[in-house]
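Student: Could you have a look at this structure, given as structure tokens, before my questions?
The values are calculated or read from the model by the stated rules, or taken from the named source; none is laboratory data. Predicted, not measured: the structure shown is a model, and the values here were computed from it. A quick note on method: Cβ atoms are made from the backbone with ideal geometry, for glycine too, and the neighbour counts reach across all protein chains shown.
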């Protein structure tokens, strides 16, 4: 019975297929980051949020030149 319920739950659970990114929530921040350990994001002195890439682009954030260049390699 437990296996059945677990299978049912996993089958019916919505899975977010959107790529998530990280942003520094400050007025001067302009980039979103692929990795929370990015050097550019480590300089953030405000809160760091995980949001979808689509949301970051809607808020006018641009891809980080450090971590997105490394992600392409």
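Student: Within the range 49-64, is there a residue that is modelled with pLDDT of 95 or more and at positive phi?
Tutor: yes
Student: For the range 24-33, give me each residue that is surrounded by 15 or more Cβ atoms within 10 Å (Cβ to Cβ) and either over 13 Å from residue 68 (Cβ atoms) or at pLDDT below 95 (or both).
Tutor: Listed by number, the residues that qualify are 24, 29.
Student: May I ask you to list the residues in the range 34-56 that are surrounded by 13 or more Cβ atoms within 10 Å (Cβ to Cβ) and touching a residue at least 24 places away in the same chain (Cβ under 8 Å)?
Tutor: Once the filter is applied, which keeps residues that are surrounded by 13 or more Cβ atoms within 10 Å (Cβ to Cβ) and touching a residue at least 24 places away in the same chain (Cβ under 8 Å), the range 34-56 yields 34, 35, 38, 40, 41, 48, 49, 51, 52, 53, 56.
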